[in-house]
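Trainee: Let me begin by handing over the structure; questions about it come next.
The values are calculated or read from the model by the stated rules, or taken from the named source; none is laboratory data. Here the structure is a predicted model, which means the values were calculated and not measured. Positions of Cβ are backbone-derived with ideal geometry, glycine not excepted, and every protein chain shown enters the neighbour counts.
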Amino acid sequence: MNLGQYNTLTILRETDPGLFLGNEQDQEVLLPNRYKPTHFRIGDTLKVFVYLDNEERPIATTEEPFLTLNTFGYLRCCDVNKHGAFVDWGLVKQLFVPFREQARPMKVGHWYIVYLYLDQKTNRLVGSSKTNRFLTQEGMTLEKFDPCEVLVTHLTEKGANVIINQKHQGLIYIDDIFEDIRSGDKLTAYIKKVREDGKVDVVLQPMGYKSIEPNAAYILEELEAAGGFLPLSDASAPDLIRQELGMSKKLFKKAIGTLYKEKKIGITPDGISLLDRE
């Protein structure tokens with residue numbers, strides 16, 4: 001029985017507390033009645049997630065946790081006691097993060113990047129926000145242009161720090177960010193560069209020939225649709241920009257700056273307009 005993972009198990013028998021499921025190694029686990037399917041037959045197989053209940057016994061569920069064994073998730077702290085913190089990982093029983101596994105003291109209501117691992121001493125599933133020790137740049141097979149999945153860990157003046165494919169550290173430089181992103185976002189990205197020291201640069205758009213950044217292209221489309229003028233400028237309220245274009249004022253200013261440098265638009269206090277329109 002694989003703790004912290006999905007298991008495909010066979011229904012062995014029905015009892016008062018629920019269904020007992022088993023694998024080929026003759027290991028059994030209870031699926032409580034609350035998760036019992038409406039229609040089933042003995043011998044059917046079910047895909048379930050197996051973890052430990054409040055008495056540290058293996059238990060099965062059809063609920064889907066926010067992370068599985070040896071992966072990272074973005075989780076909210078629900079409680080703190082003298083032993084550590086408890087975070088919501090999508091299951092009835094909250095995930096325990098002992099003080100020794102906290103990068104900084106967790107606070108109720110705050111969100112954290114957490115890694116799920118199996119404590120070999122206690123055979124318990126444990127969370128850790130000391131994420132760096134679970135990441136490695138060794139054995140990396142990533143190459144330039146490769147697609148990958150990233151989890152945004154935190155934002156800095158340099159850009160967005162990310163976890164690549166649940167294994168490696170990476171960075172999206174601020175100049176390569178053309179959309180609003182925040183900690184906890186899961187995104188598809190592309191490898192821009194793998195440095196000699198193992199550090200990895202990633203971008204959120206497919207790489208190829210130089211093209212206009214996405215928000216600038218969108219603004220051009222909106223200008224065309226509006227007849228060549230939009231009553232939006234550097235001085236416009238952030239809420240108005242988001243209402244009209246669906247982007248932050250910061251991204252708007254960056255995009256129109258790009259268009260202005262490329263002599264595609266003119267900027268006045270009243271708004272922006274297309275240049276060289278026929």
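Trainee: Going through LYS261, LYS192, LYS254 one at a time, which residue ends up being charged (D, E, K, R) and within 21 Å of the chain's Cα centre (by Cα)?
Mentor: Only one candidate passes the filter, namely LYS192.
Trainee: Take LEU251 and tell me if it is modelled with pLDDT of 85 or more and either surrounded by 11 or more Cβ atoms within 10 Å (Cβ to Cβ) or more than 27 Å from THR153 (Cα to Cα) (or both).
Mentor: In short, no.
Trainee: Hey, another quick one. Have a look at ASN54, ASN70 and point out the one that is part of a loop (DSSP other than H, G, I, E, B), without any contact (Cβ under 8 Å) to a residue 40 or more places away in the chain and surrounded by fewer than 20 Cβ atoms within 10 Å (Cβ to Cβ).
Mentor: Matching residue, one of ASN54, ASN70: ASN54.
Trainee: Considering only segment 126-137, I want to know if a residue exists there that is touching a strand residue (DSSP E or B) at 6+ places or on another chain (Cβ under 9 Å) and over 30 Å from GLU196 (Cα atoms).
Mentor: Scanning segment 126-137, I find at least one residue that is touching a strand residue (DSSP E or B) at 6+ places or on another chain (Cβ under 9 Å) and over 30 Å from GLU196 (Cα atoms), so the answer is yes.
Trainee: If I ask for residues that are at pLDDT 90 or above and among the charged types (D, E, K, R), which ones from segment 169-201 would you list?
Mentor: Those that are at pLDDT 90 or above and among the charged types (D, E, K, R): ARG182, ASP185, LYS186, LYS192, LYS193, ASP201.
Trainee: Would you point out the residue of segment 73-84, among those that are outside any loop (DSSP other than H, G, I, E, B) and without any contact (Cβ under 8 Å) to a residue 40 or more places away in the chain, that is surrounded by the most Cβ atoms within 10 Å (Cβ to Cβ)?
Mentor: Going through the qualifying residues, I end up with CYS77.
Trainee: Can you tell me which residue within segment 202-220, out of those that are surrounded by fewer than 17 Cβ atoms within 10 Å (Cβ to Cβ) and within 18 Å of LEU151 (Cα to Cα), is modelled with the highest pLDDT?
Mentor: For segment 202-220, the residue satisfying everything is GLN205.
Trainee: For segment 97-110, which residues satisfy the criterion of being assigned to a strand (DSSP E or B) and farther than 11 Å from CYS78 by Cβ?
Mentor: PRO98
Trainee: Also, I was wondering about something else. So LEU135 ticks every box in (1) surrounded by fewer than 18 Cβ atoms within 10 Å (Cβ to Cβ); (2) under 30 Å from HIS83 (Cα atoms); (3) aliphatic (A, V, I, L, M); (4) touching a Gly at 6+ places or on another chain (Cβ under 8 Å) but one. Which box is left unticked?
Mentor: Only one criterion in (1) surrounded by fewer than 18 Cβ atoms within 10 Å (Cβ to Cβ); (2) under 30 Å from HIS83 (Cα atoms); (3) aliphatic (A, V, I, L, M); (4) touching a Gly at 6+ places or on another chain (Cβ under 8 Å) is unmet by LEU135, namely (4).
Trainee: Residue under question is ASN165, and the condition is that it be on the phi > 0 side of the Ramachandran plot and not small (Gly, Ala, Ser); does it hold?
Mentor: Here the answer is yes, as ASN165 does meet what is asked.
Trainee: Within 27 Å of the chain's Cα centre (by Cα) and among the aliphatic types (A, V, I, L, M) - does that describe any residue in segment 235-242?
Mentor: yes
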